[in-house]
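A.B. asks: Can you keep this structure in mind? I'll have questions shortly.
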Amino acid sequence: MLHFFSRAATIIWLSFLVACASVEPKPKAVAVLQYQHVANAHQIQFTNPIKLSAALYPVNFLVPADAQGFWAIFVLCNVHVTQHAMRGFHHNVNNFRVDYDGQTFGSLQPYTLRYQGTADLNTPTDTGPILDAIAAEIDEGPPEQIFQRGYYADLHYRFAIFVPKALANYSGEQLQLRYEGQPVVLAGNGYPPSDLPAVGGTGMGVAAACLPQD
């Protein structure tokens, strides 16, 4: 009986060691990014109409194909690059994602936008021109930048992420951002976004600076 329990204990201990060995430690964060979710916009208007292959006319504005879709607009407030970042933090606006209820939103998908509310939908070919046109209306700050170790305050880099459909049980609170490419911590400042019918062009203005930490 004693031999049986000793053998069982050995097996359990070895299993524990194997399990511990198979769990890789999480990489340390290279930066802490503070942001504010400043607005949710339901239409993007263009100061200068854009030409797209799927449309036989200059496109003045875009709306989501799903009426409940929207653009979540964020402002990057501050960046603190930690001592673990031997090569610094590589900021790329295209690496931001919205995480909500197990879903991730970030890259623009084909056939999720309507041109001027018509039946014409965005094609894969038009992805680049659409993103460039939206950035020209919304984005503030460089699309890419290397931050070396240190603290960078009052950046106010603004960008938009398209959420193509309704979010279950979402009531307009701050959305959680995630960053792909490097391990970072993203912390919102707690303010809820404004709900705007249209931005860009002749649409309503969007906040361009972060409010103090809530």
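Coordinate-derived values only; no laboratory data. Since the structure is predicted, the reported quantities are computational estimates derived from the model, not experimental observations. Positions of Cβ are backbone-derived with ideal geometry, glycine not excepted, and every protein chain shown enters the neighbour counts.
A.B. asks: Taking the Cα centre of segment 116-214 as origin and charging only Cβ (+1 Lys, Arg; -1 Asp, Glu), how large is the dipole, in debye to the nearest 20?
C.D. replies: Taking the Cα centre of segment 116-214 as origin, the dipole is about 260 debye.
A.B. asks: Report the paramagnetic label zone for Thr123: residues of segment 44-71 whose backbone N is under 14 Å from a point 7 Å from Cα along the Cα-to-Cβ axis.
C.D. replies: Residues 51-57 qualify, since their backbone N sits under 14 Å from the label point.
A.B. asks: Going through segment 30-102, which trypsin sites (Lys or Arg not before Pro) have at most 12 other Cβ atoms within 10 Å and a DSSP loop state?
C.D. replies: Listed in order of number, the matching sites are Lys51, Arg87.
A.B. asks: Can you tell me the orientation of helix 2-22 relative to the chain, as the angle in degrees between its alpha-carbon axis and the longest Cα principal axis, to the nearest 10?
C.D. replies: Rounded to the nearest ten degrees, it is 30.
A.B. asks: Please express the shape of segment 91-186 as an equivalent ellipsoid: the semi-axes are the square roots of 5 times the eigenvalues of the C-alpha gyration tensor, given largest first in whole angstrom.
C.D. replies: They are 26, 18, 12 Å, listed from largest to smallest.
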